Amino acid sequence: MAQEQPTPNIVTSINAEVSFDEVTGAQDYTVFYSFNGGTSYNSVTSPSSPIGIPYDPATCGQTIVGYVVTNCTNGLTSLQVPFPDIVLPLCPPPGPCNNNYQAMLSGLHNGAATTRRISNLGVYNPATSTAPVNIGLIHHSALSQTGFYIAGNFDSIASISSKGVGKLTCNNIKDTAFNVGTGLNLIYSGNEPRTNSGIGYAIAYDPDPTRNRVYVGGNFSQYNGVARNNFVVLNASTGAIDNTFSMGVGFQNEDGSSSTTYGSAHVKTIVIQPDGKILVGGNFHTYNGIAVNRLIRLNIDGSRDTNFTARVFTGSTPQDPFINDISLDLDGSMFVTGHFLTYDGVNSYFITKIKSTGVRDDTFNPGINVTGGGTGLGSIYGLRVLIQDNNFVLLTGTIKKYGAIVSNGILRLKRDGTLDPVYVKDITPVLNVTFWAIERAPDGNILVGGNATSFQTDSTRKHYYVLKPDTLAIDTIKTPIPEPFNQGIQEILIKYTPHTTAIVLP
């Protein structure tokens, strides 16, 4: 899942509040205005109704003039009421990549990892879909002004060595200025010492020019030949290690190893707070030799932020609990997902909400309702969270039910953790359907990718779906047929020109 950007709002119209004196006997009003060389009009029902004016960057800063015609019922002829001139705002600054919305998908097709483009409508077009670079499986991405930082299970980009981490330019080619050297490697010790390619599971870009950093997490013990246990901080321009960030021995298991019977102490998610502090979650037990419980917040210099202390996550076994995803809420609290059953002693199956201090936020209480595929509680993997603007929380992963209600792969929860009764779309019991990727498109649509061969009773579309934001029903115009991946999608990469706030005229 790409690093969460500010909620994009691509402006296609401007809500202009046009106020004028009410006319006795008028049932409706028609607002005429001159715009972009022509005359347009909107019908309104009251003197204070807003009108939508089409937004065109070519007309930034221009003045709109107009008048109001009223249709009266008292026998009088129509009256014209002038309204003040409206000045359009200046053009917004360019966004990341200075490009219109474009997306890429990464997943498996016929046993091979592949990455392909989709159009700005979310439609897969086989004729234009092949990405210009050859990349393996991408697990996570982060957008910057100059391109994509990517982390995953790959050894090269466009046949150039780039193990586990790299960068694509805005034109989707390898950025050779970002040089990762030998990249991520995992050195196993014990009876059979060996070196494997490391895997990048998480990546986050810090745009602050005083830091200019990229944070990388995953399952590795070296970066470019230098010891870095499961986490490394890089210069965002060059790919060199940023030694101003001091992490000591990094993220490890209880016995000080990176890989033991507890499994690899990997980092699965990284989120940068607005103040620059870094939230890290995964399957680790210690950070620089200090016991932590799968979730930690770090200061900008790499030290542990003692103002945040995660409480205990528990699962069915001591090895079981791990964190898969973190999504920041507007008030600094966070939704945390993973494979756990309780947080701070309270039942909260697979998702919980935590305040900025580490205390459980008891306003969100899903209890034991979320369950997955398989037997018993089932295994829930790939859990991701996306916070909708209308105060809903979208949860994706290997999800089978909320309580007794089947809802394969996707849940929409209210802010108190209860199920949104309006959305229960996929009610056909299917074992182990997983959606690994979820993103918000600039037009508000929700993009999801996974291994579903049937979704919402539709078996013609597979693995990748564009969902309408209000109902989460499949947008059949934008969802492709045939599907571009026959074995599932792991990541959706999005670049867009983000207008983070709507432009509103006085």
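Numbers below:
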item: R0 of 25 Å, Cβ-Cβ distance Asp470-Asp416: FRET efficiency to nearest 0.05; result: 0.80
item: Cβ-Cβ FRET estimate between Thr182 and Asn212, R0 fixed at 25 Å, reported to 0.05; result: 0.65
item: By average C-beta atoms within 10 angstrom, highest first, the peptides 455-468, 352-365; result: 455-468, 352-365
item: Volume of the Cα convex hull of segment 280-359, divided per residue and given in Å³; result: 86 Å³
item: Stretchable slack from Val312 to Ile368, in nm (0.36 nm times residue separation minus alpha-carbon distance); result: 18.5 nm
item: Ranked by how many other beta carbons lie within 10 Å on average, peptides 278-284, 181-187 from highest; result: 278-284, 181-187
item: Inter-site label distance for Val249 and Asn391 at 7 Å from Cα along Cβ, in nm; result: 4.8 nm
item: Calculated FRET efficiency for the pair Ser159/Ile241, C-beta based, R₀ 25 Å, to 0.05; result: 0.50
item: Potential extension, Ala112-Glu22 segment - 0.36 nm per residue separation minus Cα distance; result: 25.7 nm
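Every read-out reported here was derived from the displayed coordinates using simple, explicitly stated rules and does not represent laboratory data. For clarity, every value in this text was computed on a predicted model and none was experimentally measured. Quick reminder, even Gly has a Cβ in these numbers, built from the backbone with ideal geometry, and neighbours come from all protein chains shown.
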